[in-house]
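Encoded as structure tokens, the structure appears first; notes follow it.
The values are calculated or read from the model by the stated rules, or taken from the named source; none is laboratory data. Predicted model, so just to flag it, every value in this text is computed and none were measured. Glycine gets a Cβ as well: all are built from the backbone with ideal geometry, and neighbour counts include every protein chain shown. Accessible surface is based on the protein model in full, side chains and every heavy atom, while ligands, DNA and RNA are left aside. Shrake-Rupley method; radii C 1.70, N 1.55, O 1.52, S 1.80 Å.
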Amino acid sequence: MTETIRLLIVDDHSLVRRGMRAVLGTAPDIEVVGEASTGREAIAAAAALVPDVIVMDLQMPDLSGIEASRAILENQPDVKILVVTLFQDDDSVFLALRAGARGFVLKDAEDADLLGGIRAVAGGSAIFSPSVATRILTLFSDPRPAPVAVFPMLTDREREILERIAQGYPNPRIAQQLGIRVKTVSNHVSVIFSKLQVADRAEAIERAREAGLGRRHP
């Protein structure tokens, strides 16, 4: 008898989760053991339910699917993560792979592709939608290094400000450098702290420098 695949669905849209449940309900070898609508919920649910496979969205309101995947795999390296998303840009693909995802299926894929992807990653294989696989092959065949965004949940402006925070600049100096008001910088800093899930400036600096930010320009 084939062993049942225990599956956790992670997506911030209830309609998507219901649709996946309907599709997966037709598969006798797949059991949906739980759902999560945020990155934090995904981490908690993975620890509590110990699924074999997690179907993971990338864009969520608190932690991104990439951050959640990384956190889950640090503690549960045997869990297989299949990204199911609308996004197939280079940054999303490579950041998901670097976080440990074993597959990448687009939300407009056929039901059979989703089921096949789940079974493939559960069995230890890697699986990608055809358009994603083509993109990966193209990027790997390109001699130039593929650009990968740091902290993809941040906007360009937020990442620009975080860079300067990591360089040790206070808000007034950042405002002066960017030609914006100090209060605007302060507002951005608050949003950055929230997105990075850090408590203060020191913790934000540590996270940023770990990611390679903070090198002063000559």
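The table that follows gives values for the structure above.
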{"read-out": "Cα-based equivalent ellipsoid of the stretch 7-113: semi-axis lengths in Å, sorted from largest, via gyration tensor", "value": "19, 16, 13"}
{"read-out": "Positive dipole terminus of the stretch 149-218, leading residue within ILE165, GLN176, ALA211 (C-beta point charges)", "value": "GLN176"}
{"read-out": "Percent breakdown of C-alpha pair distances by 5 Å bin, ordered from the shortest bin, for the stretch 5-62", "value": "4, 22, 32, 24, 14, 3, 0"}
{"read-out": "Inter-part distance where the stretch 21-49 and the stretch 156-218 are each reduced to a Cα centre, Å", "value": "36"}
{"read-out": "Sequence-distant residues sharing a close amide H with ILE5 (under 5 Å, placed H)", "value": "ILE30, GLU31"}
{"read-out": "The chain, accessible surface, carbon-and-sulfur percent (1.4 angstrom probe)", "value": "53"}
{"read-out": "Surface/4 of the Cα convex hull for the chain, nm²", "value": "13.9"}
{"read-out": "Dipole of the chain, positive end: most advanced residue of ALA202, LEU97, ALA71 [Cβ charges, Cα centre]", "value": "ALA202"}
{"read-out": "1.4 Å probe accessible area per residue over the chain, in Å²", "value": "52"}
{"read-out": "Whole-number Å³ per residue for the convex hull built on Cα positions in the stretch 55-115", "value": "76"}
{"read-out": "The chain: angle of helix 111-122 to the longest principal axis, Cα-based, in degrees nearest 10", "value": "80"}
{"read-out": "Residue-averaged 222 nm ellipticity for the chain, from DSSP H runs of 4+ at -39500 (n - 2.57), nearest 500", "value": "-15500 deg cm²/dmol"}
{"read-out": "Between 0 and 90°, nearest 10: helix 65-75 axis offset from the chain longest Cα axis", "value": "70"}
{"read-out": "Rounded tilt (10° steps) of 90-99 against the dominant C-alpha axis of the chain", "value": "70"}
